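The values are calculated or read from the model by the stated rules, or taken from the named source; none is laboratory data. Remember, predicted model here, so these are calculated numbers, not experimental data. All Cβ positions, even for glycine, are placed from backbone atoms using ideal geometry, and neighbour counts span all protein chains on display.
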Amino acid sequence: MLKSLLGSFGADAERQPAAASPARTVDVEQLKTLIEFFPIGKKLRYYPEFKKEIVFDTLVVAYCLNGSFAYSSEAIERDARGYPTAFRTRDGGELTPIGDLRLFQLLVPDTSDLEMTLDYFRRALIGRGRQFNKGNYISLVSNAGAKGVSTVDTEVVKQVLLSDGPYAQSKMILLTPEWNTLAVTDQRRKARAKTCAPVMVSVAGGRLSGPCTIVDMSDEAIRIRVRDRETALPEMTAGDGITLDIDLGDGERHYTIKGIVIRRSSETCVIRLEGLLRDGRLVRFEPLDLLELKAGLLNYNR
């Protein structure tokens, strides 16, 4: 029953790129920064699944705008200050004003074969799964010149085999950027620790709950994934409150955590950790609390 209830929420991202379109428009300031440092055709580097030890080359071959592709930077119309005002897509030359843009994604080549160039140690870091599995994270890195290094974390939506256009019959990967991670800096963001621990999720005061899996965490956030890949997470938007009930199999290792949704797709959700519930009160995380939680998740007996 719970499976059918959860399955009724969200849309399958495999059907079309814009299936999980958020309600609000894309922030024009962030969009200007992204297309400035990650333009179409520029050679980039990337880290799969936050593994800084593994560096591959790639490039953005197109932007995906509400599900339609633009293959050239000339397709971007800008105002006198350089801010994008509209995008012209290949599909019939249709013009998408910035005010109508609900979903902006990046199209990159499928570079899965590069995994075979790695030594045994680095290949083992990727694990049994491939780097472009749906829901995985790809961190793009661009040289920002005198400003340093520009980075943005993206989530793999799906593998794409285009039927037409300049890259017809070429294997591509569709990525959705996490806007809150877009930065121009010399420092990488805090490393993630991978895990596979169970968690029960309650959204907006418990209107819906269901089983999920914690797949990685940092000192500030965790990423969860639906346990059954045939279901979808409930509808959530950035800023929604969420409760996580984590039981690591020991009476003394039970945590009820309050968090805020940073980003949600049909299968995964990134949550900023806000505090712990103790004796019915919300208390902030102390450094030792976070270390204890991380150690418990990393040592969870699967």
Kindly indicate the residue of the stretch 182-237 that is farther than 18 Å from T151 by Cβ and among the basic types (K, R) and also modelled with the lowest pLDDT among those meeting that condition. R207
Taking the criterion of being assigned to a loop (DSSP other than H, G, I, E, B), over 22 Å from V26 (Cβ atoms) and at pLDDT 80 or above, would at least one residue in the stretch 108-130 satisfy it? yes
Residue under question is I246, and the condition is that it be more than 13 Å from I214 (Cα to Cα), touching a residue at least 24 places away in the same chain (Cβ under 8 Å) and either of a type in the set (A, V, I, L, M) or surrounded by 19 or more Cβ atoms within 10 Å (Cβ to Cβ) (or both); does it hold? no
Might you let me know whether the stretch 133-143 holds any residue that is within 19 Å of T33 (Cα to Cα), touching a helix residue (DSSP H, G or I) at 6+ places or on another chain (Cβ under 6 Å) and modelled with pLDDT of 85 or more? yes
Would you check which residues across the stretch 41-75 are within 25 Å of A193 (Cα to Cα) and aliphatic (A, V, I, L, M) and list them? L44, I54, V55
Would you mind telling me which numbered condition in (1) in a strand (DSSP E or B); (2) small (G, A, S); (3) at pLDDT below 80 A146 fails? (1)
Condition first: part of a loop (DSSP other than H, G, I, E, B) and on the phi > 0 side of the Ramachandran plot. Now tell me which residues in the stretch 49-95 satisfy that. E49, F50, N66, G67, G82
A careful count of residues in the stretch 51-83 that are loosely packed, with under 12 Cβ neighbours inside 10 Å and in contact (Cβ under 8 Å) with a residue 60 or more places away in the chain gives 2
